[in-house]
Amino acid sequence: LSWTTSRRSFTRRTPSVLRRWGRGRPRVGPGAPAGDRLIAFGHALIARVADETDLGPVLGRLVSSERRQTSHYGRAFRRHVTSLRREAGVVGDHPMLAHAFLAFVDLDALDHLRTDDQVTTVRLQATWADLVRRVTGANER
């Protein structure tokens, strides 16, 4: 695949994924608790990387981490996580905490965990949910 062909395919497919994260069943769409939406967002990213038929992660691996981070989608992911953390009432440096959260679901990190450490998708999703609950204090409310 050439970079141009890959970029076109990635650009066509990714907006539909972004729309799904902003909508969804009432349980995880707008109006649902921010912590639940943040958990659903991470679960979707993890599931997407685990799905070998999904071209998004395949094409994403052709792009440097720096380009993924500075792309429209990288910025949109950080804005989304930042807004959900604020909505959840978390106090702190939201942009930096969004980077910390997204480091766990970074394509390279997930590839390493899944391939080298043999961590299952279910375990990754459970850990993401645990992280979100601990940081948002969802277990305490």
Q) Using alpha-carbon positions, what is the distance between the centroids of segment 62-77 and segment 113-138, in Å? A) 22 Å
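At a 10 angstrom cut-off on C-beta neighbours, averaged per residue, how do the peptides 70-77, 36-43 rank from highest to lowest?
Working: 70-77: 15.0, 36-43: 22.1.
The most tightly packed comes first, giving 36-43, 70-77.
Laboratory data are not the source of any read-out in this text; all were calculated from the coordinates shown. Note that the structure is a prediction, hence the values are computed from the model and not measured. Here Cβ is always computed from backbone atoms with ideal geometry, including for glycine, and neighbour counts include all displayed protein chains.
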